[in-house]
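Notes to accompany the following structure.
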Amino acid sequence: MRKLFLIVLSVFLYSSTTAQSADAPIQDSVSFKTPYQSIYTFLRYLQEDPYYPELAAGIVKQTLRNNEEAQEIVVQLKQVLDGEGHFIYLEDLPNDPDYTDTVSRQNRYVLVSEYPNIYLEKYNDKWLLSEKSVREIGKLHAKVFPFGTDKLLNLLPKLGTKKYMGLHVWQLVGILVLILGCVLIHKLLTFLFEKIIMQALLRAGYERLADEYILPVARPVSLFVVFLLLFIFIPVLQLPPGTMQYVVMGVKAALPFFGTMVFYHLVEILCVYLQRLALKTKSTLDDQLVPLVRRALKIFVVLVGGLFILDNLNIPILPLLTGLSIGGLAFALAAQDTIKNLFGSLMIFIDKPFQIGDWITSGDIDGSVEEVGFRSTRIRTFRNSLTYVPNGKLADAMIDNHGLRVYRRYYTKLGITYDTPPPLVETFVEGLKEIVKAHPMTRKDYIEVSFNEFGPSSLNIMFYMFFEVPTWSEELQGRHEINLEIMKLAEHLGINFAFPTQTLHIENMPGKPSLSPTYEVEKAGEKMRGYFRK
């Protein structure tokens with residue numbers, strides 16, 4: 001309500017200048033002794049009635065510019081203020097001849113906070129536009145009226161200056177033309193997307209890309225271009241400052257809004273491309289990285305777009321960011337584990353200790369990796385349960401990745417009976433080696449098969465070899481086939497596998513000879529030498 005009251009009061013003050021008595025000379029009200037008087041004079045004599053730019057030009061230091069240049073400068077400044085919707089509240093202007101700016105500590109007054117380089121300075125006893133301000137006005141005018149749109153300010157008023165509903169005829173015509181132009185451009189861009197770009201994608205075989213990703217981008221792009229044109233041409237209409245202030249603010253806020261929508265949909269297109277690149281790699285971990293990148297980019301786009309929207313709505317961002325930083329610090333202290341898990345997930349994606357589908361073991365964790373998220377990793381155990389492991393814990397733990405094994409070890413002991421003669425044992429060992437060499441899934445350069453142990457009830461043959469297969473199922477199939485070949489070889493050679501047995505010997509039975517063996521100790525050395533002579 002206060003702002004509305006100030007607008008009405010300022011408009012009244014502007015309009016009251018037209019009610020000045022015709023008897024009084026206009027020059028009597030021209031004064032530049034205070035910031036208030038200088039700005040009031042500048043605004044008063046650039047109204048439609050009275051319109052005396054030569055008097056308003058007094059705000060420019062005459063030693064710096066001649067009268068014609070000074071008039072052009074003040075008119076450009078007025079056009080910039082009206083075109084951008086900057087409303088100057090007269091009652092807020094200082095009326096002190098010795099006013100001192102609190103920031104610069106000088107006799108200086110900035111007209112509009114958005115233009116800190118446009119300010120009044122005290123020269124002797126007058127408050128006039130500074131030389132720096134005079135130089136900046138031309139640049140600012142070219143920025144507000146780009147592509148020569150300021151020339152329309154001289155052409156449009158020729159359409160008529162009568163007022164209807166508070167606006168001149170040329171302003172109403174300009175609004176109508178601008179609306180029709182925006183509608184036509186929107187239709188044209190929509191046609192280009194749907195009829196040309198979409199048809200080209202469909203002919204190229206990208207039907208899914210066209211329907212799901214390109215088409216949703218068409219409308220935001222079209223609206224972004226429309227509001228960009230509005231942003232360029234609206235200052236030409238020179239609407240009343242109170243109205244222009246909100247119109248410009250709305251258009252400025254709409255630009256980053258539709259821009260955010262465009263980039264939000266472009267993230268989807270980028271992630272489709274990244275997904276195709278991920279499918280070409282052998283690693284399965286980057287397949288999980290694409291959804292995380294998609295989510296992170298969308299959050300980033302929304303946050304940045306939101307900041308631009310707030311800034312264009314003249315909402316101070318710096319206090320907001322300061323508050324967020326302080327709140328973020330408190331949040332970080334309260335969520336240390338979450339942040340630790342986030343960095344843990346980054347380390348997993350960088351180091352790649354495992355891939356999706358790998359069988360890993362880490363402490364009590366044993367299963368295959370299904371998904372790696374920002375906070376945790378999902379592991380499917382062999383009991384078919386789902387375990388969620390925090391990434392911070394997983395990044396610090398020792399991980400045994402069975403999925404990265406090139407070879408899969410197979411180690412067992414083959415126990416044969418004690419009555420197997422030595423030549424047959426040796427033949428059996430050689431046959432086992434041939435079985436491993438003949439199998440297509442085994443490693444051929446590292447085989448260990450040897451009779452290396454006398455067991456309690458068997459002669460033990462160590463069987464040590466490796467399978468060269470990628471999955472556990474193929475390893476089990478290989479074991480199955482190798483074990484069957486071992487059994488067939490043993491059956492073919494007539495070798496019996498031993499099992500735990502006990503034999504009870506009774507040395508002496510009444511009326512029967514003793515079962516204790518007798519040894520020829522004296523002839524043992526001679527027999528040994530004869531054995532080794534062979």
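Only the coordinates and a few stated rules stand behind these numbers; no lab work does. This is a predicted model, so every value here is computed, not measured. As a convention, Cβ positions derive from the backbone with ideal geometry for all residues, glycine included, and neighbour counts pool all protein chains shown.
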Query raised in the report: In whole Å, how far is the Cα centre of the range 229-249 from that of the range 371-392?
Result: 56
Query raised in the report: Once amide H atoms are built 1.01 Å from N in the peptide plane, which residues 5 or more positions from Thr34, or in another chain, come under 5 Å H to H?
Result: Trp127
Query raised in the report: Could you give me the ³J(HN,Hα) list for the range 301-310, computed from phi with Karplus coefficients 6.51, -1.76, 1.60 and θ = phi - 60°, whole Hz, x at Gly and Pro?
Result: 4, 5, 5, 5, x, x, 5, 5, 5, 4
Report task. Taking 7 Å along the Cα-to-C-beta vector as the label spot, tell me the Val225-Asn67 distance in nanometres, rounded to one decimal. Result -> 5.0
Query raised in the report: Once amide H atoms are placed 1.01 Å from N in the peptide plane, what residues at a sequence separation of 5 or more from Thr442, or on another chain, have their amide H within under 5 Å of its amide H?
Result: Glu468
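Length gain on complete extension for the stretch Met347 to Leu292, per 0.36 nm per residue less the alpha carbon to alpha carbon distance? Can you show the working numbers first?
Values: separation 55, 0.36 × 55 = 19.80 nm, distance 1.40 nm.
My answer for the length gained is 18.4 nm.
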Query raised in the report: Tell me, what HN-Hα J-couplings in whole Hz come from the Karplus equation 6.51 cos²θ - 1.76 cosθ + 1.60 at θ = phi - 60° for each residue of the range 185-193, using x for Gly and Pro?
Result: 5, 4, 5, 5, 5, 4, 5, 4, 5
Requested in this report: Quick one: which residues, 5 or more positions from Tyr123 or on another chain, have an amide H under 5 Å from its amide H? H modelled 1.01 Å from N in the peptide plane, none for Pro or chain starts.
Outcome: Leu128
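Please give the FRET efficiency for Thr102 paired with Ile232, using the beta carbon to beta carbon distance and R0 = 41 Å, rounded to the nearest 0.05.
Here the calculated transfer efficiency is 0.70.
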Query raised in the report: What distance in nm separates the simple spin-label points at Ser385 and Tyr464, each placed 7 Å from Cα in the Cβ direction?
Result: 3.6
Query raised in the report: Alpha carbon centre of the range 115-143 versus the range 38-86: separation in Å?
Result: 12
Requested in this report: Convert 10 °C to kelvin, take the viscosity as 1.306 mPa s, use the Kirkwood radius over C-alpha pairs of the range 406-493 as Rh, and evaluate the Stokes-Einstein diffusion coefficient in µm²/s, rounded to a whole number.
Outcome: 118
Query raised in the report: Given labels modelled 7 Å from the Cα in the Cβ direction, how far is it in nm from Leu274 to Phe147?
Result: 3.4
